[in-house]
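Enquirer: Got a structure for you, questions after.
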Amino acid sequence: MPNLTTGLFENTPVAGVRPSVTLSVNITNDDITSQDVLIQGFFQSGTTKVLYVQELFVLAPGGVALRNYFADFDAFEFQFVVSSEAVEVTAWGKDAAGNLTTAHRVVAQEVNPF
């Protein structure tokens, strides 16, 4: 089972504006069978990671899931546990206006195993 992470995104405000307030996650299942997906989101509080998102679902063969999560923290990380190498994850931060934040983007090839 692949375990993937975005790594810790620093998201401190610049001139009073936080770069990302939400994180959009796109998950595709290119396998021929349904696959389990576990999404966990953490924010950093001091030196502690605090779990604030935990979602488990089944993704049909050829299926696509788009999820949007609150990310208005100084630092956050998302982890994905998937049941197949054929499941790909892409994540993009979005600012308050809904624009993509390039500093907080991870395409499928960049999501790190943990």
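Nothing in this text is a laboratory measurement; each read-out follows from the coordinates by a stated rule. These numbers were taken from a predicted model, which means no experiment stands behind them. Cβ atoms come from the backbone with ideal geometry, glycine included; neighbour counts cover every protein chain shown.
Enquirer: Which one, [x] 7.3; [y] 6.9; [z] 7.7, gives mean projected area of the Cα convex hull in nm² as derived from the coordinates shown?
Expert: Entry [y].
Enquirer: List, in order, the whole-Hz ³J(HN,Hα) value for each residue of segment 38-47 obtained from phi through the Karplus relation with A = 6.51, B = -1.76, C = 1.60 and θ = phi - 60°; use x for Gly and Pro.
Expert: Taking θ as phi minus 60°, the curve returns 10, 10, 10, x, 10, 10, 9, 10, x, 9 Hz for segment 38-47.
Enquirer: Please list, in chain and number order, the residues 5+ apart from S83 or on another chain whose amide H is under 5 Å from its amide H, with Hs placed from the backbone.
Expert: D36
Enquirer: Could you derive backbone 3J(HN,Hα) for segment 12-28 from the dihedral phi with the Karplus parameters 6.51, -1.76 and 1.60 (θ = phi - 60°), listing whole Hz in sequence and x where the residue is Gly or Pro?
Expert: Listing the rounded values in order: 6, x, 10, 6, x, 10, 7, x, 10, 10, 9, 10, 9, 10, 10, 10, 10 Hz.
Enquirer: Taking amide H positions as placed 1.01 Å from N in the peptide plane, with prolines and chain starts having none, which residues 5 or more places from A71, or on another chain, fall under 5 Å of its amide H?
Expert: Excluding prolines and chain starts, which carry no amide H, the hits are T22, L23.
Enquirer: Charges at C-beta only: +1 for Lys and Arg, -1 for Asp and Glu. How large is the resulting dipole of segment 1-89 about its Cα centre, in Debye rounded to 20?
Expert: Details: 3 positive and 10 negative charges, 54 e Å.
The calculation lands at about 260 debye.
Enquirer: Scan around T101 for amide H atoms under 5 Å from its own, H built in the peptide plane at 1.01 Å from N, and keep only partners 5 or more places away or cross-chain.
Expert: Amide H to amide H, under 5 Å and 5 or more residues apart or across chains, T101 pairs with G93, K94, D95.
Enquirer: Also, quick follow-up: Only Cα pairs under 8 Å and at least 6 apart count here; give the relative contact order of segment 12-92 as a rounded whole percent.
Expert: 45 percent
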